[in-house]
1. Scan the stretch 109-136 residue by residue and report those that are under 26 Å from Ser37 (Cβ atoms), of a type outside the set (A, V, I, L, M) and surrounded by 17 or more Cβ atoms within 10 Å (Cβ to Cβ).
2. Residues that are more than 26 Å from Leu155 (Cβ to Cβ) and part of a helix (DSSP H, G or I): does the stretch 67-79 have at least one?
3. What's the number of the only condition in (1) modelled with pLDDT under 90; (2) farther than 22 Å from Thr40 by Cα; (3) exposed (fewer than 15 other Cβ atoms within 10 Å of the Cβ) that Val105 fails to meet?
4. What number goes with the only condition from (1) surrounded by fewer than 14 Cβ atoms within 10 Å (Cβ to Cβ); (2) at pLDDT 90 or above; (3) not acidic (Asp, Glu); (4) not in a loop (DSSP other than H, G, I, E, B) that Ala152 does not pass?
5. Within the stretch 49-77, can you find the residues that are surrounded by fewer than 16 Cβ atoms within 10 Å (Cβ to Cβ), over 18 Å from Ala106 (Cβ atoms) and either touching a Cys at 6+ places or on another chain (Cβ under 9 Å) or hydrophobic (A, V, I, L, M, F, W, C) (or both)?
6. Out of the residues in the stretch 48-70 that are hydrophobic (A, V, I, L, M, F, W, C) and within 21 Å of Arg92 (Cβ to Cβ), which is nearest to the chain's Cα centre (by Cα)?
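The values are calculated or read from the model by the stated rules, or taken from the named source; none is laboratory data. Remember, predicted model here, so these are calculated numbers, not experimental data. Cβ sites come from the backbone with ideal geometry, for glycine too, and all protein chains shown count toward neighbours.
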Amino acid sequence: MGIARSWHRSAPANGGRLSICREEDPSLESHGPVPLSSGTRLGPYEIVPPIGAGGMGEVYRARDLRLQRDVAVKVLPAAFTTDRDRLARFEREARALASLNHPNVAAIYGVEDASGVPALILELVEGLTLAERMHAAPMPQSDALRIARQIAAGLEA
């Protein structure tokens, strides 16, 4: 898979919602193999290609077969499934996301279990991450201000 990636919430360079974005972190390669493969079923979700991996999770595109939509599935790296602190942090993330309802924050749809590995089912936000947008070309001030307002609104939630 190449360089592992650290996933976190990002500014909405994709038109309005905070999304999961990535930062390269070569130190994350040692967390073991990706636990899910294309075609794996996780409740009503069918895993398709992985999106990336990082310190707090491995993220996959999946198809919600009941509702006929694509979602993001975030699971803990296999090496952390027995780490109580990491599990607690993952659960806090799920509760924090569930407590938010804001147009600038991607939604959490639920929590599943992948053979003993907890998984968050999240809104899949398409488009460039803020980091990708910033590296693509200089950002006009009006775009930067619009994005900053969206970040602030999402953080206020």
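1. Selection gives Tyr109, Glu112, Pro118, Glu123, Thr129.
2. Yes, that holds for at least one residue.
3. Only one criterion is unmet by Val105, namely (3).
4. Single failed check for Ala152: (2).
5. If the condition is that a residue be surrounded by fewer than 16 Cβ atoms within 10 Å (Cβ to Cβ), over 18 Å from Ala106 (Cβ atoms) and either touching a Cys at 6+ places or on another chain (Cβ under 9 Å) or hydrophobic (A, V, I, L, M, F, W, C) (or both), then Leu65 is the only one that fits.
6. Only one residue tops the list, namely Val59.
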